[in-house]
Amino acid sequence: MKRKLLYPIAVMASLALALTACGGSQTKESAKDEKSESKAEAGSKAEKTDASAQSGDGLVYWSMWEATEPQGQALKEAIDAFTKDTGIAVDVQFKGRTGIREGLQPALDAGTNIDLFDEDIDRVNKTWSDYLLDLEELAKANDYEKTANAGLIAACREVGGGTLKSIPYQPNVFAFFYNKAIFEEAGVKEVPKTWEELDKACALIKEKGYAPITSDDAYILSSFGYHLSRINGYEKASQIVKDGKWDDPSVLAVAKAYEDFAKKGYFSESIASNVWPAGQNQELAAGTAAIYLNGSWLPNEVKDIAGDDFQWGCFSYPAVENGVDGIEAANFGAQVLAINKNSKHAEDAFKLITYFTKGKYDQKLSEMSLGIPADSDNKEWPEILSSVKPVMESLKTRYPWAASAEDNADMTPILKENFTKLCGGSITAEEFVKNLQK
């Protein structure tokens, strides 16, 4: 059965933050006295909040971001404002992707005091599902869903086994991103909606001297997953990968499609050796390649290389002949925030989550990271993502990460190695299948 969401992707209304200030006439001496008192109060408050964090009265938040990233900077600003407004101290630890993926579970198992954490929607709800607090009652008590993104809340419940265990922020979609200027130069007037249309577009792009498609070791396997899921739908595709049914005709069909593109010279000459971020930095952003399958975080990651004049385009992975799914299906979701089921401060943690995902600081996060806002009151998307909006709004079926390609962890490195060779033209479609069977 296809995974259908009950709601379209839409960004709902949210909490607005009100900041008030008072002022009046005063003498220099009184101003000086008040300034001194204010400094003393601030110092006392800082000492109090630091002490409360260390004593366990405050919140401990493990974040997937680096402190130097735009997301980390925006969240830190929100945390500082949250502590000032509520008096609740927050010990934020920016772990980065590797740090949180390798360190969170051992820390939770050891009973480390962690109140809330974040990561990708699938990783949080599947890999760390045993550590999550049920948020249904907190969401209901705070009327959270009244202004929430209905489609993403539905996705969170879906991957949470029918229960809301995480709150989405920074919505994203995984799709083909492309250079509009190259499309225009090559005479590609419309984005491809079918594999045949993509074939024709690539031929035109190649004639102009550009590499039509690039990728790298971080993302190349998603191409296999997308194509397999286009043919079968996600559930069957996932079962093929999990059970190692490499003799299924659809596996050879995927391989044949990519072998054909490789023979036609549609892939970057360095696709088989590209180590992330080579594909996005040295080819797409540099203007030598036209198309790259990646997430809506991509424009932010390469903005300094691509420059302000780069014309960003986006389209969903094309439909394939006689396929079960079409362009309405994609890997979309969000980063999500979750609360440790052993947290002693769940209500305060939920307050912080609300602070992040509603109003002023959701908008600031969108602006600073060039990301998609999660609050419908924040209607302004970054201009750089304008072509992503219609793709997001057209989606009805959700694929998990890599669209089935990474659903068998034991096979992932083998599948990646051979699919990379296939795209690089060093093995045939038949050899690809035989290597998987071995």
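See the values below:
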item	result
Qualifying chymotrypsin sites (Phe, Trp or Tyr not before Pro) for segment 233-274 [loop in DSSP, other Cβ within 10 Å: at most 15]	none
Per-pair calculated FRET efficiency, R0 = 35 Å: residue 389 and residue 263 via Cβ, rounded to 0.05	0.45
Largest-first ellipsoid semi-axes for segment 49-140, taking √(5λ) over the Cα gyration tensor eigenvalues, angstrom	21, 17, 14
Contour excess over end-to-end distance, with Cα ends at residue 84 and residue 273 and 0.36 nm allotted per residue	63.1 nm
Rounded to the nearest 10 Å², the accessible area of residue 276 at probe 1.4 Å	110
Accessible area per residue in Å² at 1.4 Å probe, computed on the chain	45
Qualifying GluC sites (Glu not before Pro) in segment 277-328, DSSP loop, other Cβ atoms within 10 Å at most 14	321, 328
Of [x] 82, 45, 36; [y] 72, 47, 42; [z] 70, 51, 48, the label for Cα extents along the principal axes in Å derived from the coordinates	[x]
Nearest-0.05 FRET efficiency for residue 67 and residue 347, computed from C-beta distance (R0 35 Å)	0.85
Percent accessible area from carbon and sulfur atoms, the chain, protein chains only, probe 1.4 Å	49
Straight-distance crosslink candidates among aspartates and glutamates, where the alpha carbon sits under 14 Å from residue 360 and sequence neighbours closer than 8 are dropped	77, 80, 85, 375, 377, 380
Cα-based Rg and Dmax for segment 237-280, where Dmax is the largest Cα-Cα distance (Å)	13.7, 33
Theoretical gain in end-to-end length, residue 239 to residue 288 [0.36 nm per residue, Cα-Cα removed]	13.9 nm
23 Å Cα-Cα threshold exceeded, pairs from 256/389; 236/434; 263/434; 180/200; 242/416; 180/206	256/389
Anchor residue 303: aspartates and glutamates whose Cα lies under 17 Å away (excluding residues fewer than 8 positions away in-chain)	69, 283, 367, 383
Coarse-grained scattering of segment 131-267 at q = 0.19 Å⁻¹, given as base-10 log I(q)/I(0) from a Debye sum over alpha-carbon atoms	-1.10
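The values are calculated or read from the model by the stated rules, or taken from the named source; none is laboratory data. Quick caveat: nothing in here was measured; it's all calculated off a predicted structure. When we count neighbours, we look across all protein chains shown, and the Cβ atoms used for this are built from the backbone with ideal geometry, even at glycine. With ligands, DNA and RNA removed, areas are computed over all heavy atoms of the protein, side chains included. Shrake-Rupley method; radii C 1.70, N 1.55, O 1.52, S 1.80 Å.
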